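Let me begin by presenting the structure, written as structure tokens, before commenting on it.
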Amino acid sequence: MLKHAVEIILASGSPRRRELFSYFGLPFDVIVPAGCKEKDFAENLGQAESVVLENARVKAESVIGNLKRNTLLISADTVVFCGRIFGKPSDLSQAKEFLYFLSRNPHWVLTGVYMVYRDKVRCGVEKTKVFMDALSNEDIDEYLRREDVLDKAGGFGIQGFAGSFINRIEGCFYNVMGFPLSLVRKMMKDILED
């Protein structure tokens with residue numbers, strides 16, 4: 001994938017994104033974006049796509065001034081959308097509300113990916129439709145006791161116990177984790193081509 005020496009910076013505070021990017025087997029460093037005000041309002045799926053792209057762009061631009069010319073910068077933003085955006089819950093009560101609603105309504109997980117290399121920019125959005133079993137209050141309470149959910153869009157992570165109540169998805173599994181590997185690989189190949 002890399003034809004020449006390129007430094008890679010992942011602009012993300014997400015441990016899941018760091019783990020997933022490591023699957024490529026490429027050396028990379030992490031810079032956690034600071035002071036980014038993320039948008040969190042959308043009335044339809046198209047607006048939600050714009051929101052994740054804008055949030056990913058803002059994260060990238062918050063760190064781009066410190067980079068060398070031969071650096072590939074990658075940032076991403078993930079939200080859950082079902083009539084409105086479900087970001088990271090502010091507390092366990094809100095997480096419970098999110099899960100109760102989302103378990104009764106098919107919803108979309110969207111990740112915007114933004115890349116900068118030299119004078120080139122690439123961006124893309126991955127969408128995955130998620131279908132959950134209808135959860136009782138007791139089911140949700142058990143889940144919230146088992147896992148930390150306050151750092152997860154929509155209040156759930158498919159890679160943990162929540163996977164037991166997600167009965168199917170349409171699209172990329174890794175997107176639901178917050179980093180769509182296939183899209184990222186294609187974008188890296190495209191932006192690094194001479």
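Listed values, structure above:
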item	result
Paramagnetic reach from GLU43 (point 7 Å along Cα→Cβ, amide N under 14 Å) across segment 79-110	83-85
ARG145 versus PHE173: modelled label distance in nm, points set 7 Å from Cα along the beta carbon direction	2.9
Percent of alpha-carbon pairs separated by more than 15 Å within segment 6-111	67
Span-rule helices in the chain, defined as complete DSSP H runs reaching 20 Å or more along the axis (Cα) with Kyte mean at least -1.0	45-63
Extension gain, ARG84 back to ALA134 (0.36 nm per residue minus Cα-Cα distance, nm)	16.1 nm
Efficiency of FRET between PHE101 and ARG185 - r from beta-carbon atoms, R0 45 angstrom, step 0.05	0.85
Quotient of C-alpha Rg and 2.2 N^0.38 Å, computed over the chain	1.04
Additional length obtainable on full extension of the chain from LYS68 to PHE28, 0.36 nm per residue less Cα span	13.0 nm
Most fluctuating residue given options ASN105, ASN137, ASN175, as computed from a GNM of the chain linking Cα atoms under 10 Å	ASN137
The chain: antiparallel DSSP beta bridges as a percent of all, rounded to 5	75
Cα gyration tensor of segment 92-194 - equivalent ellipsoid semi-axes, whole Å, descending	32, 13, 10
Theoretical gain in end-to-end length, SER50 to PHE161 [0.36 nm per residue, Cα-Cα removed]	36.9 nm
Taking segment 7-192 and dividing mean pair separation by its residue count, relative contact order in percent (alpha carbons under 8 Å, at least six apart)	22
Exceeding the 28 Å Cα-Cα cut-off - candidates LYS37/LYS96; LYS68/LYS127; LYS37/LYS189	LYS68/LYS127; LYS37/LYS189
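Bear in mind that the values in this text are calculations on the coordinates, not laboratory data. No experiment lies behind these values; they were computed from the predicted model shown. Quick reminder, even Gly has a Cβ in these numbers, built from the backbone with ideal geometry, and neighbours come from all protein chains shown.
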